[in-house]
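Q: Here it is, the structure in full.
The values are calculated or read from the model by the stated rules, or taken from the named source; none is laboratory data. Only a predicted model underlies this, so the values are computations on that prediction, with no experimental measurement involved. Cβ: placed from backbone, ideal geometry, glycine included. Neighbour counts: every protein chain shown. What goes into the accessible areas is simple: the full protein's heavy atoms, side chains included, and nothing from ligands, DNA or RNA. Shrake-Rupley method; radii C 1.70, N 1.55, O 1.52, S 1.80 Å.
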Number of protein chains: 2
Amino acid sequence: MANTLFHAERRIAQRARSLNSSAIREILKLTERPEMISFAGGIPSPASFPLAALRDASARATHASSADAFQYSATEGYAPLREWIAREHSSRQHPVAPSNVLITSGSQQAFDLIGKVLVDPQSAVLVERPSYPGALQSLSLYEPEFVSVQTDEHGMVSKALEYVEPERAALLYLQPNFQNPTGARLPIQRRRKIAEIAQRTRLIVVEDDPYAALAFDGGQSLPTIHSMAPDNVIYLGSFSKVLAPGLRVGYMIVPGALQKKFVQVKQAADLHSSTLSQRIVYESVRGGLLATHVPRLASFYREQCAAMLSALDAHMPEGVHWNVPEGGMFIWLALPPDIDSAALLEDALALNVAFVPGAPFFARDPLHHFLRLSFATVSPQQIDCGIERLAALINAYSRAFTPVFDLDLDR
Amino acid sequence: MANTLFHAERRIAQRARSLNSSAIREILKLTERPEMISFAGGIPSPASFPLAALRDASARATHASSADAFQYSATEGYAPLREWIAREHSSRQHPVAPSNVLITSGSQQAFDLIGKVLVDPQSAVLVERPSYPGALQSLSLYEPEFVSVQTDEHGMVSKALEYVEPERAALLYLQPNFQNPTGARLPIQRRRKIAEIAQRTRLIVVEDDPYAALAFDGGQSLPTIHSMAPDNVIYLGSFSKVLAPGLRVGYMIVPGALQKKFVQVKQAADLHSSTLSQRIVYESVRGGLLATHVPRLASFYREQCAAMLSALDAHMPEGVHWNVPEGGMFIWLALPPDIDSAALLEDALALNVAFVPGAPFFARDPLHHFLRLSFATVSPQQIDCGIERLAALINAYSRAFTPVFDLDLDR
């Protein structure tokens, strides 16, 4: 086995730079201890699942008169679900056809399919700084060169795109709404600018939008970049955050010119996504569940977020900064630059508090003084308790790192 | 989009030689017409699904007290299911640990993960001749050089392995039981020989075994190559044929040295397989369903096969040959060498009979006078009717192709 093992070692080492997230994953297995207050998981709160509706939908899907729910099905996905998705994303100016919709095994699979179809070794892949490690990890298997695009508290700085040779890039990957990890929502002007650059330079934009429905204001969501440049955008949607992630049902909306290729690689990857999962999703959403469920979700996460923001305000020492998200599940915290969040994590775990250190969110040249907090799964009381412990720890670190020459020894 | 589209075109063209199976797939969409007698689908009969048990299992899985059935879960798979699989495959000499088991989204996903971990461009991948196109298609994306190993009516000729430099190959791929398409079952002596060669040359064997349970004699199944050389074999199992394919639950049993790598690429591919699907499978099998269901399945397929064999005996002209399978779902038919089965298919479809032409089953240098018949989904009456039509067509082709110099014009 030596020869192939050697090759495998080499390949994994080369390709999977971002797999260092696996090391963190190992650490975070500790977060399964019941006494742990975990702000680490990027998972939705099970309290937010519409369980009764999901159970009803499962019963309907499995008790349909035929055995179809358990049989092989089309690679493209369950036709009624594709039609539903197409309708949801259609506007008068930009109709989406069911043929543009490809069901994927969660959004995660879309990253792999995109790698297969669009990324060659050394392809330039433009990403936010920071970006979502699940996407970086999956795309990195196709050995691209990641190019970070300047990003601020409102997300990608669209003008900065002009300076990274978009016309030579294989694709641009971004999350427009409540980005993981920064929580930023891209303003409409920037969306327009990115759409314009994509059309002008023939850049393919991968618009990954799992958190769209989790807008705290519950108001009209901003138009997607896809709706502005449908021939240049691959849109990724997911039922993981609005229904339940364990079903593993996501989708791509793919420009016509690329459809056939994506169906081919999807077929090679897993033939099709779980027939039953797709039918449960369809049975859940067809009657209009989301019209009542999404506002409930948004209000749930808004209150969770408010609890974390007031805990941060109450406890964090000076020199620590964070964003105030308008939706989603995450707060991105900047520590004083001399504190390494990975080291901090080890001490925090000893205090039964967990978070995700910031380094794996950077495609290259990681910064080490950031960390991501999720407010999704912990109760408000526990949030306050966990943030208080974390703040005390950061305070201790800050004092320990105060440089000696700052002390006025003469006084 | 031109630049990336160009790259995509080139890559698809280079990598996906076996994607010509997609063309056939297009043709076979015609088989969905209700009047079609289709011997084409490689799908199990829905009449064979244990529907009542699956519905009960679904209800139990979704009504468990927690929301866990709908939540994200471990990349490796659902722990109780992995333990069940490990027990099923353990023997006194060769225990299988749950940590060796990785749940996949159908066996199809295993091919993609194997490509990622073990196959580099130009890697030699040893395959049966003919082999399963789903595996060839998936592996071909990683640009190996396929090397066909001599195969006869009992499967791969194990001695022939010695002559294809197994010590230089990335892997050997085979189906030991009721192979798709030939129906061959590999004798125990050949399994031992292949295990021995694998151990001696450090070859990794991918033993793909979806049809193991469909042995018509219902007797003791032959020992797996995996049980003979567990450090050299990646074993692929599936619940698609014994329970239901639409759940998309398969599994790999992976040598310890490769486990971590496969978990990493699985995580990048789709995070994990459907939590609910895995729990439904476990709830189905935990109480011993398969002990009663598998004999029912075997007897169902045995009778279907018998119907097809007697129809072939009754109707086929001389010069047409086929195997007599001991299990599985397929009969592999050799036409007279001057008949192209792809051309035959077009005419057969006009008569509302469908099958799969043989060419896509060959990794290289395809032979065109073979075809695959599935006896899984058509009723015995319809089998007779369809085979009779097909035989009449082949007869007409044979007459048309009889060379002129064979006619004795002087008489």
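Q: To the nearest 100 Å², how much accessible surface do chains A and B hide from each other in total, with a 1.4 Å probe? Before the final figure, lay out each step's value.
A: Working: alone 19140 and 19130 Å², together 31540 Å².
So the buried area, both faces added, is about 6700 Å².
Q: Give me the three principal axis extents of the stretch A:243-363 from the C-alpha atoms, as integers in angstrom, largest value leading.
A: 53, 35, 30
Q: Please compute the average number of Cβ atoms from other chains found within 10 Å of each residue's Cβ in peptide A:258-269.
A: What the average comes to for A:258-269 is 6.
Q: Restrict the search to the stretch A:273-307; then list the trypsin sites (Lys or Arg not before Pro) that DSSP places in a loop and that have at most 16 other Cβ atoms within 10 Å of their Cβ. Write out the running numbers ahead of the final one.
A: On the way: sites: A:279, A:286, A:296, A:302; in loops: A:286.
Answer in residue order: A:286.
Q: Using alpha carbon centroids, what distance separates the stretch B:224-301 and the stretch A:172-244, in Å?
A: If you average the Cα positions of each part, the centres end up 37 Å apart.
Q: How many percent of the accessible area of the stretch B:68-287 is carbon or sulfur, using a 1.4 Å probe?
A: Result for the stretch B:68-287: 46 percent of the exposed heavy-atom area is carbon or sulfur.
Q: Then there's this: For a quick check, take a GNM of chain B with Cα springs below 10 Å and name the residue from B:191, B:168, B:92 with the largest mean-square fluctuation.
A: Comparing B:191, B:168, B:92 in a Gaussian network model of chain B, the most mobile one is B:92.
Q: I'm a student and want to see the number: the projected area of the Cα convex hull of the stretch A:65-286, averaged over all directions, in nm².
A: 11.8 nm²
Q: A follow-up question, please. What gaps in nm, shortest first, separate residue B:160 from its twins in the other copies when you place the label 7 Å past Cα toward the beta carbon?
A: 5.9
Q: Follow-up question, since we're still on this one. Can you find, among A:254, A:242, A:378, the residue sitting farthest towards the positive end of the charge dipole of chain A, where Lys and Arg contribute +1 and Asp and Glu -1 at Cβ?
A: About the Cα centre, the residue reaching furthest to the positive side is A:254.
Q: Another one. Where Rh is the Kirkwood radius over the Cα pairs of the stretch A:44-177, the temperature 37 °C and the viscosity 0.692 mPa s, what D in µm²/s does Stokes-Einstein return? Please list the in-between numbers first.
A: Details: Rh = 18.1 Å.
My calculation gives 182 µm²/s for D.
Q: Then there is this: I need the semi-axes of the equivalent ellipsoid of the protein assembly as shown: take the C-alpha gyration tensor, multiply each eigenvalue by 5, square-root it, list largest first in whole angstrom.
A: Equivalent-ellipsoid dimensions as semi-axes: 50, 28, 26 Å.
Q: Take every DSSP beta bridge with both residues inside chain B and express the antiparallel ones as a percent of the total, to the nearest 5.
A: Bridges in chain B are about 55 percent antiparallel.
Q: Give me the residues in the stretch B:120-154 whose solvent-accessible area, probe 1.4 Å, is reduced by at least 20 Å² once all protein chains are included instead of the chain isolated.
A: B:120, B:137, B:141, B:142
Q: If amide H atoms are built 1.01 Å from N in the plane of the peptide, which residues on other chains or at least 5 residues away come under 5 Å of the amide H of residue A:234?
A: Placed amide hydrogens put A:205, A:206, A:207 under 5 Å from residue A:234.
Q: On a 0 to 90 degree scale, rounded to 10, what angle separates helix A:51-62 from the longest Cα axis of chain A?
A: 30 degrees
Q: Could you pull out every residue, at least 5 positions away or on a different chain, whose amide H is within less than 5 Å of the one on residue B:131? Hs are placed 1.01 Å off N in the peptide plane, and Pro or chain starts have none.
A: Close amide H contacts, sequence-distant or interchain: B:362, B:363.
Q: In addition: Let me know the mean shielding of A:241-253 by other chains, meaning the per-residue number of their Cβ atoms within 10 Å of its Cβ.
A: Mean partner shielding for this stretch: 4.
Q: If you don't mind, there's one more thing I want to ask. What residues qualify as long-range amide H neighbours of residue A:96, i.e. H under 5 Å apart, gap of 5 or more or another chain, H built at 1.01 Å from N?
A: Close amide H contacts, sequence-distant or interchain: A:90, A:91.
Q: Continuing with the same structure: Using a Gaussian network model on chain B with a 10 Å cutoff between Cα atoms, which of B:236, B:113, B:289 fluctuates the most?
A: B:289
Q: Moving on. Just tell me how shielded B:67-78 is by partners: mean number of partner chain Cβ atoms within 10 Å of each residue's Cβ, no decimals.
A: Mean partner shielding for this stretch: 5.
Q: Taking the Cα atoms only, what angle lies between the long axis of helix A:188-201 and the longest principal axis of chain A, rounded to 10 degrees?
A: 60 degrees
Q: Taking θ as phi - 60°, what are the ³J(HN,Hα) couplings along the stretch A:336-347 by the Karplus curve (6.51, -1.76, 1.60), each to the nearest whole Hz, with x for Gly and Pro?
A: x, x, 8, 9, 8, 5, 5, 5, 4, 4, 4, 6
Q: Let me have the 222 nm mean residue ellipticity of chain A computed from DSSP H runs of 4+ only, each contributing -39500 (n - 2.57), with the sum over all residues rounded to the nearest 500.
A: -13000 deg cm²/dmol
Q: Distance in whole Å from the A-onto-B rotation axis to the closest C-beta of chain A, together with the residue it belongs to, please.
A: Residue and rounded Å distance to the axis: A:274, 2.
Q: Going by Cα centres, the stretch B:307-321 and the stretch A:367-403 are how many Å apart?
A: Between the Cα centre of the stretch B:307-321 and that of the stretch A:367-403, the gap is 76 Å.
Q: Bin width 10 Å, alpha-carbon pairs only: give the P(r) of chain A as whole percents, running from 0 to the bin holding the largest distance.
A: 5, 21, 30, 26, 14, 3, 1, 0, 0
Q: Sticking with this one: Could you state the angle between the C-alpha long axis of helix A:380-401 and the longest principal axis of the C-alpha atoms of chain A, as a value from 0 to 90 degrees rounded to the nearest 10?
A: The two axes meet at around 50 degrees.
Q: Next question, about the same structure. Suppose each label sits 7 Å from its Cα in the direction of the beta carbon; what would the residue B:296-residue A:399 distance come out to in nanometres?
A: With each label placed 7 Å out from Cα toward Cβ, I get 7.1 nm.
Q: Here is a further query. If I build a Gaussian network model for chain A, linking alpha-carbon pairs within less than 10 angstrom, which residue out of A:183, A:328, A:256 has the largest mean-square fluctuation?
A: Of A:183, A:328, A:256, the Gaussian network model singles out A:256 as fluctuating most.
Q: Any idea how far the Cα center of the stretch A:96-118 sits from the one of the stretch B:58-90, in Å?
A: Result: 26 Å between the Cα centres.
Q: Can you send over the solvent-accessible area of residue A:151, 1.4 Å probe, protein chains only, in Å² to the nearest 10?
A: Here the residue's solvent-accessible area equals roughly 30 Å².
Q: To the nearest 20 Debye, how big is the dipole of the stretch B:68-287 about its Cα centre, given +1 on the beta carbon of each Lys and Arg and -1 on that of each Asp and Glu?
A: Approximately 400 debye in magnitude.
Q: State the answer as a single residue: which of A:89, A:183, A:160 lies farthest towards the positive end of the charge dipole of the stretch A:65-286, with beta carbon charges of +1 for Lys and Arg and -1 for Asp and Glu, about the Cα centre.
A: A:89
Q: Further question: Charges only on Cβ, +1 for Lys and Arg, -1 for Asp and Glu: so what's the dipole of chain B about the Cα centre, in debye to the nearest 20?
A: 1400 debye
Q: Any idea what the dipole of the protein assembly as shown comes to, in debye rounded to 20, about its Cα centre with Lys/Arg Cβ at +1 and Asp/Glu Cβ at -1?
A: About 500 debye.
Q: Restricting things to Cα coordinates, could you compute the convex hull volume per residue of the stretch A:308-372 in Å³? Write down the numbers at each step before the final one.
A: Values: hull volume 6.6 nm³, N = 65.
Once divided by residue count, the hull of the stretch A:308-372 is 101 Å³.
Q: What whole-number value in Å² describes the accessible area per residue of chain A for a 1.4 Å probe?
A: Heavy-atom accessible area per residue stands at 38 Å².
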